[in-house]
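In what follows, a structure is listed as structure tokens, so that the remarks can point back to it.
No value in this document is a laboratory result; all are computed from the given coordinates. Note that this is a predicted model, so its numbers are computed, not measured. Using ideal geometry, Cβ is built from the backbone for each residue, glycine included, and neighbour counts are taken over all protein chains shown.
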Amino acid sequence: MTLIDLPLAFAQAQAPAAWVQFVPLGIMFLLFYLIWWMPMRKRQKAHQQMLSDLKKGDKVVTNGGLYGEVGAIQGPVVHLKLSDNVRVRVARSAISGMQGEETDGGGK
């Protein structure tokens, strides 16, 4: 082996296995899952549970910003009482939360 071949031999000896190159990519996917998907799934399950637990008399807020009281529930339709003489029908999925609950989307 000559002095010219020494760097080439050293570089070949130090080459990592092909799967090692994918380890950083795997770590990035794991972090993405832990930081993004897990909390999103947790919020989604809590929202689905809140929708399934709706009952007459609950005070809710819709996605459109209407505040009202649940008057009746008929399958996927919720009858909201907005004031004494104002009642509207909204989809159950349009209910974003209960009145007075803090949302964790504020960012603080």
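Listed values, structure above:
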item: Inter-site label distance for MET98 and SER52 at 7 Å from Cα along Cβ, in nm; result: 1.6 nm
item: Protection-proxy order for peptides 37-45, 79-87, each taking the mean of Cβ atoms within 10 Å per residue, highest first; result: 79-87, 37-45
item: Ordering of 17-29, 88-100 by burial proxy (mean other Cβ atoms within 10 Å per residue, highest first); result: 88-100, 17-29
